[in-house]
Amino acid sequence: MKVRSGRTVRDLRRENRTAVLQRLYFDGPLSRFSLGPVTGLSSGSVSNVVAELVGEGLVEEAGSVDSAGGRPRTLLRISADSGYMIGVDVGETRVRIELFDLALTELARVERPLETRGPRRVDRYDVGVVVGHLREGIAEVLERAGIAAERLLGVGVGVPGIVARTAEDGAVVHGQTIGWDAVPLERLLRESRLLPE
């Protein structure tokens, strides 16, 4: 593999793919012609990257627009069903798990209540209970939507507290209000096989 200015050809290819996917995700649909200026890539590079992404099913055609002389330009967009994401919110009274396609259309949602009877209890945030809710909820939203776990691109988890990263545990949560002190949440979720590798 050749190296150019400290970057490998593979790195450059990944950067080009990322640039095209980001612009299509945030600004799409766009034509190949429009992708050049917004990504800084040459028309040849855009064509190569787009052909690859279309071949992989990550990008699809989304109609066309008239050009200023010549044939209409084909618009491209991210293929909404080329991958899926899960968002999790650990709230004060419940854990909410939502499944989305890449167009951010909600496909399924479940909520698991946290114990709230009696005086406010910190133990309702027991890490084992929360991880159990996530395990059940993630499996349930995937089943409801008929999506295989392998199609899942990622899981985002929102928790009350400060999140730090460590080399061995990944995301570690410091949540004084919920009684979590350096809880290695990412490691616990990976051990439970809830997060994609």
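At a 1.4 Å probe, what is the % contribution of carbon and sulfur to the accessible area of the chain?
The nonpolar share, carbon plus sulfur, comes to 50 percent.
Percentage of Cα-Cα pair distances in the chain greater than 20 Å, rounded to whole percent?
Across the chain, Cα pairs with separations above 20 Å total 65 percent.
Go through region 145-187 and name the GluC sites (Glu not before Pro) that are in a DSSP coil and have 15 or fewer other Cβ atoms within 10 Å of their Cβ.
Passing sites in region 145-187 are E168.
Taking 8 Å as the Cα distance limit and 6 or more residues as the minimum spacing, I'd like the relative contact order of the chain as a percentage.
14 percent
Can you compute the FRET efficiency between D181 and D11 using 1/(1 + (r/R0)^6), with r the Cβ-Cβ distance and R0 = 25 Å? Round to the nearest 0.05.
The pair D181/D11 has a calculated efficiency of 0.05.
For a quick check, take a GNM of the chain with Cα springs below 10 Å and name the residue from R165, R77, R94 with the largest mean-square fluctuation.
For the chain, modelled as a Gaussian network with Cα springs under 10 Å, the answer is R165.
Once the Cα gyration tensor of region 10-113 is diagonalised, what are the square roots of 5 times its eigenvalues, in whole Å and ordered largest first, as equivalent ellipsoid semi-axes?
Here the semi-axes work out to 34, 16, 11 Å.
Which far-off residues, 5 or more places away or on another chain, put their amide H under 5 Å from the one on G83, with H placed in the peptide plane?
Hits under the 5 Å cutoff: L102.
Calculate, for E168 and T93, the FRET efficiency according to 1/(1 + (r/R0)^6) with r their C-beta to C-beta distance and R0 41 Å; round to the nearest 0.05.
Taking R0 as 41 Å, the efficiency between E168 and T93 is 0.80.
Evaluate the distance, in nm, between pseudo-label points positioned 7 Å from the Cα of E140 and of A80 along their respective Cα→Cβ axes.
It is 2.5 nm.
With θ set to phi - 60°, apply the Karplus curve 6.51 cos²θ - 1.76 cosθ + 1.60 along region 128-139 and write out the HN-Hα couplings as whole Hz, x wherever there is a Gly or Pro.
Per-residue couplings from phi come out as x, 5, 5, 4, x, 4, 5, 4, 5, x, 5, 4 Hz.
Below 8 Å between Cα atoms, with a sequence gap of 6+, how large is the relative contact order for region 36-144 in percent?
16 percent
The values are calculated or read from the model by the stated rules, or taken from the named source; none is laboratory data. Not measured: the values here are computed from a predicted model. Every residue, glycine among them, receives a Cβ derived from its backbone with ideal geometry; neighbour counts consider all protein chains shown. Quick note on the areas: whole protein, heavy atoms, side chains included, nothing else; ligands and nucleic acids left out. Shrake-Rupley method; radii C 1.70, N 1.55, O 1.52, S 1.80 Å.
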